[in-house]
Each structure stands twice: as structure tokens, then as C-alpha cells.
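In what follows, a single structure is set out as C-alpha cells and then discussed.
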Amino acid sequence: VLIPAFAVGRSQELLYELGKHYDEWGLKHWHVFLDSPLGIEACEIYWRHDERIDPDARRVFAGGEHMPALPNLHFTRTAPESRVINGFRHGALIIAGSGMCNGGRILHHLKREIGRPQTHVVFTGFQPPGTLGRRIIDGAHTVRIHGELFPVRAQVHTIGGFSAHGDRDDLLRWYGGFS
């Protein structure tokens with residue numbers, strides 16, 4: 001399973017959801033990779049300031065050595081660590097940047113996996129026109145990555161509800177901070 005995600009915000013939100021539903025979703029049988037050096041650094045900042053997260057998130061993370069409490073979470077900071085993921089042919093869930101598939105490590109995973117019908121690519125954010133992510137969601141039969149054409153045989157999914165944009169209450173709270 002490949003999940004293109006933004007390093008700051010979305011990656012942490014996804015890890016939170018995975019931790020929250022760990023048992024329910026049967027994640028103990030999976031290897032979960034955060035393949036994003038910036039995403040890992042952002043996680044560590046979040047974790048150092050856990051007083052800033054909501055009580056529900058603190059409950060999800062309780063008891064773990066670090067947050068989130070995912071015993072099968074692997075951080076891949078370096079390119080060689082990222083390449084090790086290629087040895088997994090099943091049972092791997094990979095969160096990697098960039099969220100719109102226009103750069104980052106997700107491109108290397110897509111090159112290797114997008115032609116496999118067993119692969120699932122899960123989009124958790126809006127994909128603007130002109131991005132590789134939008135072409136994949138729109139059903140392109142082939143995509144160009146790093147100058148090469150690849151057939152799209154992977155199963156493609158989109159999940160709403162992870163918008164990074166503030167809603168009405170967020171905007172009113174922000175506006176209320178001004179005198």
C-alpha cells in the first residue's frame with residue numbers, strides 16, 4: 001500500500017489514525033514505513049510537544065515509547081533505508097512524500113509498484129490538475145515518472161476527510177484572535 005502524503009501534518013495525521021485503529025484494522029500483520037526524512041523530523045517535534053495535542057491523541061499514544069504507539073513503525077531517513085523497503089513484496093504500508101506525487105520518495109515507490117495489480121495507492125488529499133496524483137486518480141493508463149512511461153495497474157483509492165484547510169470553526173477561532 002502506497003500513501004503519498006505531505007511531510008508535515010498529513011503524515012502525522014495518518015500515523016495517528018493507524019495508531020488509533022491498530023487492532024481494528026489488523027495492522028499487526030503489516031510493516032508501516034514513514035519514508036520521509038522531513039516527515040520524521042516533524043513527528044519528533046510533535047512528540048516533544050505532546051502537551052499541544054488533543055486528549056484523544058494523547059490516549060492513542062499512551063504507553064508507546066514514542067508517538068504513535070505503532071510497534072511495527074519503521075522510520076526511513078536515508079536513501080539506503082528507503083531502498084530496503086523494495087524487498088517487501090507484500091505486507092508493507094508506505095507513507096512517503098510528496099502528497100501530489102510531483103517529487104519525493106513516493107516517485108521511486110510508484111515506479112516500482114504502480115504496474116502491479118496487487119498494489120494499492122491511497123490518496124488522502126486533493127490532487128490539483130496537472131499533478132501526477134491527479135492523472136493517476138483520473139484513470140491514466142500510463143504515467144511518466146522521471147522521464148519513463150509506466151503502466152498503471154495498481155488499484156487506486158481516495159479517502160476524503162483529511163483536508164488540510166480550516167473549516168468554519170477554525171476560521172472563526174483564528175479571526176477571534178485579533179483585536
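Checking every one of the chymotrypsin sites (Phe, Trp or Tyr not before Pro) in segment 81-179 against DSSP loop status and a limit of 13 other Cβ atoms within 10 Å picks out F88, F178. The GNM of the chain, with springs linking C-alpha atoms under 10 angstrom apart, assigns the highest mean-square fluctuation among D50, D23, D169 to D169. Exposed loop sites here mean GluC sites (Glu not before Pro) with a DSSP loop assignment and at most 16 other beta-carbon atoms within 10 Å; the chain contains its longest site-free run at 66-179.
Taking springs between alpha-carbon atoms closer than 10 angstrom, which of I53, I95, I40 fluctuates most in the Gaussian network model of the chain? Of I53, I95, I40, the Gaussian network model singles out I53 as fluctuating most. Rounded to the nearest 5, the antiparallel percentage of DSSP beta bridges internal to the chain is 20%. Any idea what diffusion coefficient segment 3-51 gets from Stokes-Einstein, in µm²/s, Kirkwood Rh on alpha carbon pairs, 10 °C, 1.306 mPa s? D = 138 µm²/s.
For G97, the residues whose modelled amide H falls within less than 5 Å of its own, excluding neighbours fewer than 5 places apart on the same chain, are A5, R105, I106. Entry comment: accessible area of the chain is 58 Å² per residue, from protein heavy atoms only and a probe of 1.4 Å.
Taking every C-alpha pair closer than 8 Å and separated by at least 6 residues, the mean separation divided by the residue count of the chain gives a relative contact order of 27 percent.
The values are calculated or read from the model by the stated rules, or taken from the named source; none is laboratory data. Keep in mind that what you see is a predicted model, and the values were worked out from it rather than measured. Ideal geometry is used to build each Cβ from the backbone, glycine not excepted, and the neighbour counts take in all protein chains shown. All accessible areas refer to the heavy atoms of the entire protein, side chains included, with ligands and DNA or RNA removed. Shrake-Rupley method; radii C 1.70, N 1.55, O 1.52, S 1.80 Å.
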